[in-house]
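The values are calculated or read from the model by the stated rules, or taken from the named source; none is laboratory data. Being a predicted model, the structure only gives us computed values, none of them experimental. Please note: Cβ atoms are built from the backbone with ideal geometry, for glycine as well, and neighbour counts cover all protein chains shown. Surface areas here come from the heavy atoms of the whole protein model, side chains and all, with no ligands, DNA or RNA. Shrake-Rupley method; radii C 1.70, N 1.55, O 1.52, S 1.80 Å.
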Amino acid sequence: MTELKELYPVGEQPPLGYVPPKMYAWLVRPERFGEPMKAWQEEVIDIPEPADDEVLVYVMAAGVNYNNVWAGLGIPIDVIGIRNRAGEPERFHIGGSDASGIVYKVGKDVTTHKVGDEVVIHCGIWSRDDPWVKSGEDPMYAPTFRIWGYETNWGSFAQFTKVQAHQCLPRPQHLTWEQGAAYMLVGATAYRMLYGWAEHALRKDDVVLIWGGAGGLGSMAIQIVKAAGGKAIAVVSEDDKFEYCMNLGAVGCINRKNFNHWGMLPHWKDTVGYNEWLKGARSFGKAIWDILGERRSPRVVFEHPGETTIPTSIFVCDTGGTVVICAGTTGYNATVDLRYLWMRQKRLQGSHFANDEQSKGFNDLVLAGLADPCMSRAFTWDELPYSHQLMYENKHPFGNMAILIGAPDFGLGKNIAEPAGAVQIEVVGEPKEREGFYRAPLHPVDEVKAKEPAVEDTRLVRELMHYGVISCSTTTPVDEVAQRMTEYHVHAIVVTDAAGYTAGVVSQTDVVLARQGRTADDLATLMAADIMSPHVVTCSPETTISEAITLMTRNRIHRLVVVDTRSGKPWPVGVLSMTDIITYGMRTAPLGASSMSLPPSALATDIYEPMAPEPSLADLGIIEDSTLVADVMHQGVVTSPRSASVLDAAKQMLEYGIHAVVVVGDDGHAVGVVSQTDVVLARQGRTVEQAAALSVGDIMTPSLVSCTADRKLSEAITLMTRNRVHRLVVVEDKAGKLMPVGILSMTDVIRQFFSRN
Ligand code: NAP
């Protein structure tokens, strides 16, 4: 008889059904949070007991996903700390949210699986006692829903994993162990996105636009669309990915690098910038029509890049269609031109992983040979941290990656040559009748606890504000408003009605956009009321400073109009600016011790056409501006090294009367920017000592909104309005490093525009 061991070497399989007391596992511990090569270390630990509804699976191979790069880094959440606070004692995390393996032990209530079953595992976990789950509703909305191997412990990066029985699905026998471990997380996610939203569930002949067609999700989506008889159009960043996507079943591909309108929408008042964006979005839409050979727009847009692509996705989506999104890889601020959303009755639908039926739906496609796992590379057990390091450094190959865990070599486990057979594809996610409807409580949001105790702020606006406002009336001509702004060095002017109450506010941006593209004669007819924003962000003298700061950051502004509303109407009494708050912070030493019309064609029946002739700016009545940034900018930039203290940056701002400082690296190239808001937020809620310990590098924003001096001024204005900033860092590109040479501010632009009258 074989001698049973307490611990088996990796790659040596224990006798079927024998669960040794100990196992090898790759663990993250809080004391080594960081890059994957540091965070993930091999240790020997006790094997856990499965609960009554769980099974213990001997893992043959595991999949690699980005979530375990995050778990190792300990950001944006500390998964171990959260579980400890919820009562789980283990001070470690075993990641791994994809696996193939063999069932070794079953809990006493498990009737669906037995020892010896070969399975693949989906990563959706929920409590069977959750009232929402018991009510028969989609468990993906249940408050107990978690992603196994990320939000839960005992993932697949160990010899044994503990999972709920419903997570286990039959392993496709025509695939190797590592192929079996590569597809479920992305495949089931894509399946729910395409089939889970009843009104927009995939239909034969549907056109589906798929971002990142050669990526993990995209490669699965193309195959699902093909299997349903739809037309997948893949977007990629290189022509050499076309063939890969076409082989998976795409009907055509678009290289996104051929377009340059990506990013947040220009402000809708920025007619020049908006039209430029529109041109890009329309030509992208036309590329879709060119592939199809007919004027059809995608009924479904498969989204995950997020911030940079959402405006285009919503624009090109068909009337009554949907943009379904499961991630925001490029950023979370989605800007939407609501006119397209409501007039064309489109939907923006969030989606997250998948339930049992949807996971089964995708697995059935794989079992039938209709979807390939698209495994690009498999790694050995020892290479587990390295595989994640590649992903962390964005050097991983396209498609999906897997790691050998129990399987002793690559290429094992393929027991049949051909897929098992055909499959009936049925639409899942049709609305069900609800009986005894139970409304789930809100998902418990696991707070990311501040590392330092928050300090309560009891200061009031009246203690720091400036009394008196620079104002104009609704009928003041715009050029006079501009003169007043430059004369008083203010960034906004309060507009008052005939009785003196607050009616609106005109910002520097409003003035610049009113002038841009107009002749001086056109401008002469415009008054403050035509360009003002009637929504004025105000506070009262009794508002606390911390509430006032939040009001500013929520509205992306740097000053509030302080109003007295005792008469029932807002009487402007003063202004509170970020500068005032910083000045106060220094004094008490806490730190250191319009009438704009819709853009042409915006709502025309034919969105993309006529492409020719493209209306010129002159046709649109817009004057083209040949001024360059170099003609207007200020030479020289106030900079700070990363290691400087926040106090030093605050002093620089007050000394030079500026709103931001450019942060530079050792050789003087720009690495980020610290704004007044960053400084104020660094101080807020912290003690004097805590704030004093912070460096500029800790609080800076690493992305820099910059341009070169040879850019057109109108392009620079659009860059500012799209990024909601009032100044750009002017840079010189020296061998790929951006050296700051000057600043272009809205004030400079106003001086330029209005001095030419
Ligand atoms: P991936 O394999 O890295 O693929 C992502 C693709 O996005 C890349 O291939 C890239 O293709 C494309 N892309 C990158 N930057 C882009 C940009 N600026 N504009 C347009 N496309 C861009 O990743 P994945 O496995 O498909 O996952 C994608 C995202 O979904 C990740 O953030 C992941 O965490 C998330 N996700 C969420 C769920 C969920 O349940 N919520 C499940 C799975 C994945 P090109 O460069 O060729 O265009």
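I102 fulfils the conditions (1) β-branched (V, I, T); (2) open to solvent by less than 20 Å² (accessible area, probe 1.4 Å); (3) assigned to a loop (DSSP other than H, G, I, E, B) except for a single criterion, (3). Is it the case, given these coordinates, that F284 is within 12 Å of the ligand (Cβ to nearest atom), assigned to a helix (DSSP H, G or I), crowded, with 19+ Cβ neighbours inside 10 Å and of a type in the set (A, V, I, L, M, F, W, C)? Considered against the rule, which asks whether it is within 12 Å of the ligand (Cβ to nearest atom), assigned to a helix (DSSP H, G or I), crowded, with 19+ Cβ neighbours inside 10 Å and of a type in the set (A, V, I, L, M, F, W, C), F284 comes out as yes.
Considering the conditions (1) open to solvent by less than 10 Å² (accessible area, probe 1.4 Å); (2) assigned to a loop (DSSP other than H, G, I, E, B), P48 is excluded by exactly one of them, (1). Return the residue satisfying two criteria in turn: it lies in segment 330-342 and is open to solvent by 40 Å² or more (accessible area, probe 1.4 Å) and part of a loop (DSSP other than H, G, I, E, B), and of such residues it is nearest to the ligand (Cβ to nearest atom). My answer is T330. Condition first: under 19 Å from S100 (Cβ atoms), within 16 Å of the ligand (Cβ to nearest atom) and of a type outside the set (A, V, I, L, M, F, W, C). Now tell me which residues in segment 395-424 satisfy that. Across segment 395-424, the qualifying residues are G399, N400. Of the candidates Y195, Y150, Y183, Y191, the single residue that is within 14 Å of the ligand (Cβ to nearest atom), more than 17 Å from A327 (Cβ to Cβ) and aromatic (F, W, Y) is Y183. Say whether the condition of being crowded, with 19+ Cβ neighbours inside 10 Å and more than 21 Å from W262 (Cα to Cα) is met by at least one residue in segment 706-727. There is no residue in segment 706-727 that is crowded, with 19+ Cβ neighbours inside 10 Å and more than 21 Å from W262 (Cα to Cα). The condition (being open to solvent by 10 Å² or more (accessible area, probe 1.4 Å), of a type in the set (K, R) and within 16 Å of the ligand (Cβ to nearest atom)) is satisfied by just one residue among K204, K257, K279: K257.
Every residue in segment 229-243 that is within 10 Å of the ligand (Cβ to nearest atom) and crowded, with 20+ Cβ neighbours inside 10 Å, please. A234, V235, V236, K241, listed by residue number.
The requirement of being of a type in the set (K, R) and open to solvent by less than 30 Å² (accessible area, probe 1.4 Å) is fulfilled somewhere in segment 73-84, by at least one residue. Looking across segment 378-404, the residues that are under 17 Å from G218 (Cβ atoms) and not small (G, A, S) come down to M391, N394, H396, P397, F398, N400, M401. Filtering segment 346-364 to residues that are in a strand (DSSP E or B), away from the ligand (no atom under 11 Å from the Cβ) and closer than 25 Å to R146 by Cα leaves L348, Q349.
The residues of segment 469-488 that are closer than 8 Å to M527 by Cα and open to solvent by less than 60 Å² (accessible area, probe 1.4 Å), listed by number, are T474, T476, P477, V478. Scanning segment 365-394 for residues that are charged (D, E, K, R) and within 13 Å of the ligand (Cβ to nearest atom), which turns out surrounded by the fewest Cβ atoms within 10 Å (Cβ to Cβ)? Among those residues, the one meeting the criterion is E393.
Has segment 556-571 got any residue that is farther than 12 Å from V494 by Cβ, open to solvent by less than 30 Å² (accessible area, probe 1.4 Å), outside any strand (DSSP E or B) and at pLDDT below 90? No, the conditions are met nowhere in segment 556-571.
Of the set (1) farther than 23 Å from V272 by Cβ; (2) touching a helix residue (DSSP H, G or I) at 6+ places or on another chain (Cβ under 8 Å); (3) polar (S, T, N, Q), all apply to T687 but (2). Taking the listed residues S533, S540, S546, S507, the one that is over 21 Å from R484 (Cβ atoms), small (G, A, S) and in contact with a strand residue (DSSP E or B) (Cβ under 9 Å, 6 or more places away or on another chain) is S540, with no other qualifying. Out of curiosity, is I210 aliphatic (A, V, I, L, M) and within 11 Å of the ligand (Cβ to nearest atom)? Taking the combined requirement at face value, the residue satisfies it. Against the list (1) open to solvent by less than 20 Å² (accessible area, probe 1.4 Å); (2) within 16 Å of the ligand (Cβ to nearest atom); (3) not in a loop (DSSP other than H, G, I, E, B), the condition G95 fails is (3). If you take the residues of segment 629-658 that are open to solvent by less than 30 Å² (accessible area, probe 1.4 Å) and farther than 23 Å from Q690 by Cα, which of them is farthest from the chain's Cα centre (by Cα)? The extreme case among them is V632. Taking the listed residues F353, F315, F302, the one that is more than 22 Å from S219 (Cα to Cα) and among the aromatic types (F, W, Y) is F315, with no other qualifying. Filtered by the rule that a residue be closer than 23 Å to A142 by Cβ and out of contact with any strand residue (DSSP E or B) (no Cβ under 8 Å at 6 or more places or on another chain), segment 87-107 gives G87, E88. Among the residues of segment 105-148, the ones that are open to solvent by 30 Å² or more (accessible area, probe 1.4 Å), within 19 Å of G180 (Cβ to Cβ) and not in a loop (DSSP other than H, G, I, E, B) come to 1 in all.
Residue count for segment 66-87 under the criterion of being out of contact with any helix residue (DSSP H, G or I) (no Cβ under 9 Å at 6 or more places or on another chain) and part of a loop (DSSP other than H, G, I, E, B): the result is 3.
Taking the numbered list (1) open to solvent by less than 40 Å² (accessible area, probe 1.4 Å); (2) in contact with a strand residue (DSSP E or B) (Cβ under 6 Å, 6 or more places away or on another chain); (3) in a loop (DSSP other than H, G, I, E, B) in turn, P397 passes all entries but (1). Taken over segment 304-317, the criterion of being open to solvent by 10 Å² or more (accessible area, probe 1.4 Å), farther than 20 Å from H352 by Cβ and more than 7 Å from the ligand (Cβ to nearest atom) is satisfied by no residue.
Residue-wise test of (1) open to solvent by 20 Å² or more (accessible area, probe 1.4 Å); (2) closer than 18 Å to K257 by Cβ; (3) more than 11 Å from the ligand (Cβ to nearest atom).
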position: I288; (1), (2), (3): no, yes, yes
position: E294; (1), (2), (3): yes, no, yes
position: R299; (1), (2), (3): yes, no, yes
position: T319; (1), (2), (3): yes, no, yes
position: G328; (1), (2), (3): no, no, no
position: R344; (1), (2), (3): yes, no, yes
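The residue that is most open to solvent (accessible area, probe 1.4 Å), counting only those in segment 17-39 that are out of contact with any Gly (no Cβ under 6 Å at 6 or more places or on another chain) and in a loop (DSSP other than H, G, I, E, B), is E35. Of all positions in segment 54-64, none carries a residue that is within 26 Å of V119 (Cα to Cα), within 16 Å of the ligand (Cβ to nearest atom), of a type in the set (G, A, S) and in contact with a His (Cβ under 6 Å, 6 or more places away or on another chain).
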